[in-house]
Amino acid sequence: MTDDTRDVDWAEAVAALPRGAAVIVRHRDPRAREGLARRLRAVALARGVKLLIAEDEHLAVRVRADGLHLPQKRAGRARAIKAAHPRWLVTAAAHDAAAARAPADAVILGPVFPTASHAGAPALGIVRFAQIAREARRVYALGGIDAASAQRLAGSRIAGIALIGGWTA
């Protein structure tokens, strides 16, 4: 996930992702988000990386993104978005068990561990995360994920991990 509070060369970061990975453009400023999405589209195509846009369906259409990422409060729209854009990958943020059952292709559940991106937000912890992940659709762990914390998730029912700081550090 991109983060507009970090000074990162996002094109370089996306170019370093493995084929089959995905990047979610979630910059908050609409003009900055569109400019970044357009720059990353070419990099993502060349690398075989999926490009998703956070919350902005119209921008996703304009830049020919591979999908859309929904905030938890809009996760219920996943089915309608999939109906309108059947080839899209639709993901949703989840912070609790109910949201983790959203009708999206995948949910990004967190924060699992304390994280700088949401300083002070309560973390789920490994036990609660694992409980929610067992009942959810395809789950990706987010929040405080790095090489060491990812190892602590071994044995959890997850499809993978989502990174911000752990990706760009």
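Selection of segment 111-130 for residues being over 14 Å from the mean Cα position of the chain (by Cα), open to solvent by less than 80 Å² (accessible area, probe 1.4 Å) and closer than 21 Å to A154 by Cα yields F113, T115, A123, L124, G125, I126, F129, A130. Can you pull out every residue in segment 36-64 that is touching a Phe, Trp or Tyr at 6+ places or on another chain (Cβ under 8 Å) and either aliphatic (A, V, I, L, M) or under 17 Å from L142 (Cβ atoms) (or both)? Scanning segment 36-64 gives L36, L40, A60. For segment 9-62, taking the residues that are farther than 20 Å from L163 by Cα and of a type in the set (G, A, S), the one that is nearest to the chain's Cα centre (by Cα) is identified as A60. Of everything in segment 95-114 that is of a type in the set (G, A, S) and touching a Gly at 6+ places or on another chain (Cβ under 8 Å), the residue that is nearest to V23 (Cα to Cα) is G110. Scanning segment 96-110 for residues that are open to solvent by 10 Å² or more (accessible area, probe 1.4 Å), within 14 Å of G143 (Cα to Cα) and either among the basic types (K, R) or touching a helix residue (DSSP H, G or I) at 6+ places or on another chain (Cβ under 6 Å) (or both) gives no hits. G143 fulfils the conditions (1) out of contact with any His (no Cβ under 9 Å at 6 or more places or on another chain); (2) in contact (Cβ under 8 Å) with a residue 24 or more places away in the chain; (3) farther than 17 Å from L89 by Cα except for a single criterion, (1). The condition of being surrounded by fewer than 18 Cβ atoms within 10 Å (Cβ to Cβ) and either at pLDDT 95 or above or farther than 17 Å from A22 by Cβ (or both) holds for only one of K82, K73, that being K73. Residues in segment 131-147 that are out of contact with any helix residue (DSSP H, G or I) (no Cβ under 9 Å at 6 or more places or on another chain) and more than 16 Å from I164 (Cβ to Cβ) were compared, and the one that is surrounded by the most Cβ atoms within 10 Å (Cβ to Cβ) is R138. Remark: pairs (first residue in segment 43-61, farther than 15 Å from R26 by Cα and part of a helix (DSSP H, G or I); second residue modelled with pLDDT of 95 or more and charged (D, E, K, R); Cβ separation under 8 Å; 6+ apart in sequence or on different chains) = A44/K50; A44/D66; R47/R19. Among the residues of segment 1-47, those that are open to solvent by 30 Å² or more (accessible area, probe 1.4 Å), farther than 27 Å from K73 by Cα and either small (G, A, S) or in contact with a Pro (Cβ under 6 Å, 6 or more places away or on another chain) (or both) comprise A11, A15, A16, G20, A42, A46. For segment 30-41, the criterion of a residue being within 17 Å of I108 (Cβ to Cβ) and either modelled with pLDDT of 95 or more or aliphatic (A, V, I, L, M) (or both) is satisfied by no position.
The values are calculated or read from the model by the stated rules, or taken from the named source; none is laboratory data. Please read all numbers here as calculations on a predicted model, not as lab measurements. Backbone-built Cβ (ideal geometry, glycine too); neighbour counts: all protein chains shown. We work out accessible area using only protein heavy atoms, side chains counted, and drop any ligands, DNA or RNA first. Shrake-Rupley method; radii C 1.70, N 1.55, O 1.52, S 1.80 Å.
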